[in-house]
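*Asks:* Below are the structure tokens for one structure; questions will follow.
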Amino acid sequence: MKKIMTISPPPLPFLGQWKEAAILFHRMMDEGIHPDVVTFSSLIDALCQQKKVKEARRMLEQMSERGVKPDVITYNSLIHGLCRSGQWKEATSFLSGMACQGICPDKITLNFMLDAFCKQGMMEKAEAVLELMNKKDVKPDEITYGTMIIGYCLQGEMDKAKDVFELMITKGFSPSLGTYKMLVNAYSKIKRKDEALRLIDEILQKGMMPGTTTQNAKRHDQGEEG
């Protein structure tokens, strides 16, 4: 009878011990104890956390060789690891691979992809991910909207950033201070001081601490008025 082994995910302070975990993993396999999807996914996540994406991909291959089917958690760890290391093309390939395996991407998967494309300035691809969310009936959250806003701000597409900001509020989500700061700074750079000052007033009304950069932007815009 097959013995199935499950290793719980290692606590964050001990993720550096992935080598020891891998040694234990292979030793137990040699003893005829078969790892399950939770074990594989835990090790893949630990490897990705340590930026050992190549090793994590090898672990995925071992899953296939041993007839263990990956799940959405497995793919999320790999896609996040690939996105963090700037390998967005490979991450896109894994996203397609999920569909081939009959695994639906969830909000976490798609937010990882969205973040990667926005950081690369690939807003058309980011918009395609947003469309995919709608097709898969995956509802965007505050992270989704905030990521899109930051992406548009980085590209100077302030009208689109404003549209997403207003949609975010309409959907009942509260923008984070980081989102407000990004909008204020982006508006200030293109001399749209009225929008920048309006947002700073919103920040203050909500009791948020605007920070030095945002306060400087307000003084600069008010100085220009004078």
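The numbers here are math on the coordinates, done by the rules we state, and not lab data. Keep in mind that what you see is a predicted model, and the values were worked out from it rather than measured. Virtual Cβ from ideal backbone geometry, glycine too; neighbours counted across all protein chains shown.
*Asks:* Please compute the net charge surrounding Cys83, taking Lys and Arg as +1 and Asp and Glu as -1 over other residues with Cβ under 10 Å from its Cβ. Kindly include the intermediate steps, with their values, before the conclusion.
*Replies:* Working: positive: Arg84, Lys119; negative: Glu90, Asp115.
Local net charge: 0.
*Asks:* Considering amide H positions built from the backbone, and no H for Pro or chain starts, which residues 5 or more places from His34, or on another chain, come under 5 Å of its amide H?
*Replies:* Answer set, sorted by chain and number: Lys3, Ile4, Met5.
*Asks:* Ile73: net charge of surrounding residues, Cβ under 14 Å, Lys/Arg +1, Asp/Glu -1, itself excluded? Don't jump to the answer; show the numbers that get you there.
*Replies:* Numbers: positive: Lys69, Lys107; negative: Asp36, Asp45, Asp71, Asp106.
Residues close to Ile73 contribute a combined charge of -2.
*Asks:* Turning to a different aspect of this structure: Provide the per-residue ³J(HN,Hα) series for segment 199-209, in order, calculated from phi with Karplus coefficients 6.51, -1.76, 1.60 and θ = phi - 60°, each as a whole number of Hz, with x at glycine and proline positions.
*Replies:* Those phi angles translate into 5, 5, 4, 4, 4, 5, 5, 7, x, 7, 8 Hz.
*Asks:* In segment 36-106, which trypsin sites (Lys or Arg not before Pro) are in a loop and have at most 14 other Cβ atoms within 10 Å, using DSSP for the loop call?
*Replies:* Lys51, Arg66
*Asks:* Output wanted: per-residue J couplings in Hz (rounded whole) for segment 57-68, from phi through Karplus 6.51 cos²θ - 1.76 cosθ + 1.60, θ = phi - 60°, x for Gly and Pro.
*Replies:* Rounded to whole hertz, the list is 5, 5, 5, 5, 4, 5, 4, 4, 4, 9, x, 9.
*Asks:* Sort 183-189, 122-128 by the packing proxy (mean of other Cβ within 10 Å over each peptide's residues), most packed first. Intermediate values should be presented prior to the final figure.
*Replies:* On the way: 183-189: 21.6, 122-128: 15.9.
For the peptides 183-189, 122-128, the packing ranking is 183-189, 122-128.
*Asks:* I would also like to ask the following. What pairs from Lys135/Lys181; Lys125/Lys206; Lys139/Lys193; Lys119/Lys162; Lys52/Lys135 go past 26 Å between their alpha carbons?
*Replies:* On the way: Lys135/Lys181 31 Å; Lys125/Lys206 33 Å; Lys139/Lys193 33 Å; Lys119/Lys162 18 Å; Lys52/Lys135 33 Å.
From Lys135/Lys181; Lys125/Lys206; Lys139/Lys193; Lys119/Lys162; Lys52/Lys135, over 26 Å: Lys135/Lys181; Lys125/Lys206; Lys139/Lys193; Lys52/Lys135.
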